[in-house]
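The values are calculated or read from the model by the stated rules, or taken from the named source; none is laboratory data. Please read all numbers here as calculations on a predicted model, not as lab measurements. When we count neighbours, we look across all protein chains shown, and the Cβ atoms used for this are built from the backbone with ideal geometry, even at glycine.
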Amino acid sequence: MALPELSRRVRVTWNARMQTTAGRAWWPSRLIELNPKLKEQAPEEVWRTLRHELAHLVAYERAGRRRIEVHGVEWRAACAELGIPNEQPFHNLPFKRKRMKRNFAYICPECYSTIRRVKRINRMVACYACCRKHSGGLFDSRFRLQEQKL
């Protein structure tokens, strides 16, 4: 896993503003933020969360400019290499959950998949899956998401 640039530039900080998430990875700035509430958990949980977030940076570093899924194949491979195979995308720690009502729904005219959002989309957005399947991942107005009434 020779990633010399990543190993030189990765930074880890505690973010006191984090309430619901255990950690967050920022690429390309190569920053990992951890929730200070992790200090109240077992030390293994801190290390597991750190490796989980580091796996995101490893996956993005290897992918370069290529778009990858956040918890996709590349991330799962990096998790296995970092000693946490079968890692789950979300934690089950006793942090308060943030539930936001998703008042806006959009539908793809091609595959009819529905996307629910907290905020209204104010620009042209197309179904990513259909754009990948039918136009090589490039925006195609045929798959523009249409707002549904709830």
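Things to note:
- Among the residues listed as Ile68, Ile115, Ile121, the single one being surrounded by 10 or more Cβ atoms within 10 Å (Cβ to Cβ), assigned by TED's automatic domain parsing to the domain that holds Arg24 and among the β-branched types (Val, Ile, Thr): Ile68
- Here Glu87, Glu61 are screened, and the one residue that is outside the structural domain of Arg120 (by TED's automatic domain parsing), outside any helix (DSSP H, G or I) and under 22 Å from Leu6 (Cβ atoms) is Glu87.
- Matching residues in region 91-117 - criterion: being more than 30 Å from Arg51 (Cα to Cα) and assigned to a loop (DSSP other than H, G, I, E, B): Lys101, Arg102, Asn103, Cys108, Pro109, Glu110, Cys111, Tyr112, Ser113
- Checking Val70, Val12 one by one, the residue that is in contact with a Leu (Cβ under 9 Å, 6 or more places away or on another chain), more than 17 Å from Phe95 (Cβ to Cβ) and without any contact (Cβ under 8 Å) to a residue 60 or more places away in the chain is Val12 and no other.
- Residue list for region 1-48, restricted to those being more than 30 Å from Arg66 (Cα to Cα) and assigned to a helix (DSSP H, G or I): Pro36, Lys37, Leu38, Lys39, Glu40, Pro43, Glu44, Glu45
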